Amino acid sequence: MKRILFFITFTLLLGGQQTFAQIRGKNPINLNDPNEISYLDPKNYVIGGVRVTGTEYLDSDVLITISKLVVGQYIEVPSEATANVVKTLMSQNLFDDVQLYAERIEGDNIYLEIRVQERPRLTRIDINGLKKAETEEIRKRLNTNTGKIVNDNLLKTTQATIQKFLREKSFLYPEIKITTAKDTAQANNEIVIVNVEKNKKIKVHKVHFDGQEAFSSGQLQKYLKGVKPRKWYRIFGPGKFKDDKYKEAKQNLTAKMQDKGYRDAEILSDSVVRYDNNEVDIYLKLHEGPRYFVGNIEWSGNSKYTDSVLNLILGIEKGDVYSEEKITTKLQGPTRNSDDISALYQNDGYLTFGIQPIIKRIYNDTVDLEIVLSEGKQFTINNVIVKGNDVTNDKVVLRSIYTKPGQKFSRELLMRSVREISQLGMFDEQKITPNPTNLNYEDGTTDLEYRVTEKPSDQVELSGGYGAGQVIGTLGLTFNNFSTSNMFKKDAWKPLPRGDGQKLSVRGQTSGKRYQSYSFSFSEPWLGGKKPIYFGLSAYTSSSSYGGFNYYTGQQMVADRDLNRIWMTGVTATLGKRLQWPDNYFQINTSLSFQRYKLQNYGNYFLFSDGTAYNMNITQEISRNSVDAPIYPTSGSHFRFSVQLTPPYSSWNNINYQTAADNVKYKWTEYHKWKFDSQWYTKVAGKLVLKAQAQFGYLGSYTNKTPTSTFERFKLGGDGMQGFDFLQGSEIIAMRGYANGTLIPESTGNGYERIAINSGSPIYAKYQMELRHPVMLNEQATVFVLAFAEAGNTWNKFSEVNPLKMRRSAGVGARIFLPIFGMLGIDYGHAFDPIPGLRSSEWKQNFTFSILQNMGGF
């Protein structure tokens, strides 16, 4: 036995001496290779030096630090410590291979070498199978730069990013194959190749509910807003599945169930299961719980108002269905009419007011509440500050604000001020932010800061069109933030003086000598700068001549020497004032206008052929505008009622209008004109907005001695663009689906004759319903789509008026508001009621384009 033990010991010692003799020589050995070194005879050494070989991109000193090999410290060779060097470095996922070598031994010192083989670096990622825009978006998300290490983490991240992106687009089951290829142009570099097969977009086949008792599947489906199963009648967007919409839908489902009194309602589990190649089924397991009702309501912390007053405003009584959403809304708002408890206090200066409902007791199906109020202190406004208005003068913003220094703080006036700033049209409506600052609790004062973001407000109209057998060009410039006070300041012309909120507009339209029209307008909303007194001045001149060209038939009727000519000039001055009664949304305007019309050889295309007519009138208008935004309103209303009057010349001029010549009969235009226009906006669901509009117009004469005025009539149909027209004395009313001016009373002749000899109708009515949904709402552009239904008609006299006999149309459209061009629109309308005497191609106009106006707007 002793001989056997001696033999084993001798062998091990001999092997160890031979091994370390190699280390002392010129051949380093691998300390982690059992074929090169024996673990049965480890020895302790002092680390004399460490170096790293094989690196190209990585820092050697950092790798030595990670290896935990410190010069001067003892290390057992071989041991777990030498094995951990390799494990630690390999765990960094930076190398394909790591080896630890002992280069040499000098006495008790050992010199170590870490040999590494770096993983390949990324040259680029090639993505195949996606559109260019999709590929660019994925590259942004990956943020992959040349030089990254190609490892499993990179490949998994790439695949997960692409899957997440495609899932957002409703591609739930794409096929993604990732491979790598060596880059022949760069050593140790690789190209990652991703081949993507998106497959079909996934839609919802059916939603399965389980566990409900009080709610039907139909009710729950309505609550699951944003996730709609595919149905035959859903033409637009039938139930595409999107993760974000699905998450919101689940939250909305439980919120709606809880709002019905089931406060314990929750989704226990849910799953999305593939139904076929392009549809999924959704399974939702629900827990309803019992239905709860409101018990006793107690108030604490209130000294300003009694319990009875607060209960009256709360509007929730014992026995009502318990709804946390309703309670929160009535306590903290904001409600549309500011009738919540918080508004009651905050509109009276209690800026720091706080309110919190606490469930005091739950027994059976009843919930007792304690509502704790923290009234705080009344605050008055110290300073009002505007920031972000780089172009617009402070006074333009401050004069529109209803929160004034010295007043008590009011949440209602704060929101009204935001609306008034947005109505200026110079700032991004989405970025107007009011913020109380510098609250002084000792003296109860606060500053109010309004942060605004300027947006381009000047507009350019540049267009060309074809009419009356000629090409017509239009150039218009509108400066919505003009400043007359800076006109004589050289530095202010960039390119025009700006900042006072005035509006200057110039427009020219011409086809050469045959047609020319020029107009100018200027308005000042605060005449004198101290009171909201509106002043406006506008003027126009135009001339038209036609060599016997029939605009309606497109035929050359007479020789070119027999020209039809018309000259038109006009000027209008307006004064207006904002009223405080019945409320401060009201405005009253008074306008004085003068127009001159001169006709030469106008033939049968108007009610008189030769002569000059004058139209001098005064217009009294009252309006109320409470819409929340000028470009894309979502709530509020806007109505306008106006009366336009000329002097009753027939009462003193002793003219026999039955026998008088045209140049005498029509010289002084005589009429009274009444108009009413109203619009309502309300949110239907989510961002979907309903616009309802009603318009009426009547043009009458003072006595039976005079015929109805030739001018100021109504032309119904088409795009509503004033643009080019034979007589600008008519008012153009848009109605999509019908051609311009084709909706003329049936009692006015037939076919082309109806259109040619009549410059409009004295009576009209029009109704409109429009559903709008935004696509983009920001500083650069406002874009929304719409669906509309319209009904309207015109009549020659009241005895013909039949409100049940209307011309109808319906269709879809889109609007885009670009600050530099204004509102641009396109609509497709289908007209349902034919026009007698005309072929459908003559009275129908499916596509309608508009510029610088909102269809049917003011």
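Derivation of every value follows stated rules applied to the coordinates shown; laboratory data play no part. Because the structure is a prediction, the values reported are computed rather than measured. When we count neighbours, we look across all protein chains shown, and the Cβ atoms used for this are built from the backbone with ideal geometry, even at glycine.
Site pair residue 684 and residue 73 shows an inter-label distance of 7.2 nm when each label is modelled 7 Å from Cα along Cα→Cβ. Can you flag which of 245/330; 222/245; 177/200 are past 19 Å Cα-Cα? Over 19 Å apart, Cα to Cα: 245/330.
The stretch between residue 492 and residue 447, if pulled fully straight at 0.36 nm per residue, gains 13.1 nm over its current Cα-Cα span. Which one of 484, 129, 321 has its Cα pushed farthest toward the positive end of the charge dipole of the chain, where Lys and Arg give +1 and Asp and Glu give -1 at the Cβ? Comparing the listed Cα positions along the dipole, 484 ranks first. Taking label positions 7 Å along the Cα-Cβ direction at both residue 133 and residue 197, the computed distance is 2.6 nm, reported to one decimal.
Relative contact order, whole percent, for the chain stands at 5, derived from Cα pairs under 8 Å and 6 or more residues apart.
Between the residues 780, 830, 159, the greatest Cα displacement towards the positive end of the dipole of the chain, with unit charges on the Cβ of Lys, Arg, Asp and Glu, is found for 830.
From its DSSP helices (H runs of at least four residues, each -39,500 (n - 2.57)), the chain gives a residue-normalised ellipticity at 222 nm of -5000 deg cm²/dmol. The chymotrypsin sites (Phe, Trp or Tyr not before Pro) of region 318-425 include none that DSSP puts in a loop with a beta carbon having at most 10 other beta carbons within 10 Å.
Note on the chain: semi-axes of the ellipsoid equivalent to its C-alpha gyration tensor, largest first and rounded to whole Å, are 77, 38, 31.
The dipole here belongs to the chain: it is taken about the Cα centre, uses +1 on the Cβ of Lys and Arg and -1 on the Cβ of Asp and Glu, and is about 2180 debye.
Maximal additional length on extending the residue 93-residue 252 stretch stands at 52.9 nm, based on 0.36 nm per residue less the C-alpha distance.
With no solvent and one equal point scatterer per Cα, compute the Debye intensity ratio I(q)/I(0) for region 157-234 at 0.22 Å⁻¹ and report its log10, rounded to two decimals. After summing over all Cα pairs, the log10 values are -1.01. In this calculation the C-beta distance from residue 143 to residue 797 is compared with R0 = 51 Å, giving a FRET efficiency of 0.10. Note on the chain: dipole from Cβ charges, positive end direction compared against 573, 277, 813; the farthest Cα belongs to 573. Applying 1/(1 + (r/R0)^6) with r as the Cβ-Cβ distance of residue 703 and residue 775 and R0 = 60 angstrom yields a FRET efficiency of 0.65. Straight-distance candidates among the aspartates and glutamates for linking to residue 673, with alpha-carbon spacing under 17 Å and chain neighbours fewer than 8 residues away dropped: 621, 712, 731.
In terms of other Cβ atoms within 10 Å, 807, 416 run from fewest to most in the order 416, 807.
Using C-alpha pairs under 8 Å with a sequence gap of at least 6, the mean separation divided by the residue count of region 666-735 gives a relative contact order of 26 percent. Checking the cross-link pairs 256/683; 326/687; 667/805 against a 28 Å limit on the alpha carbon distance flags 667/805 as lying beyond it. Cross-link partners for residue 360 among the aspartates and glutamates, with Cα-Cα distance under 15 Å and sequence neighbours closer than 8 places in the same chain left out: 298, 324, 368, 370.
If you take the alpha carbon atoms of region 380-451 and fit the smallest convex hull around them, that volume is 76 Å³ per residue.
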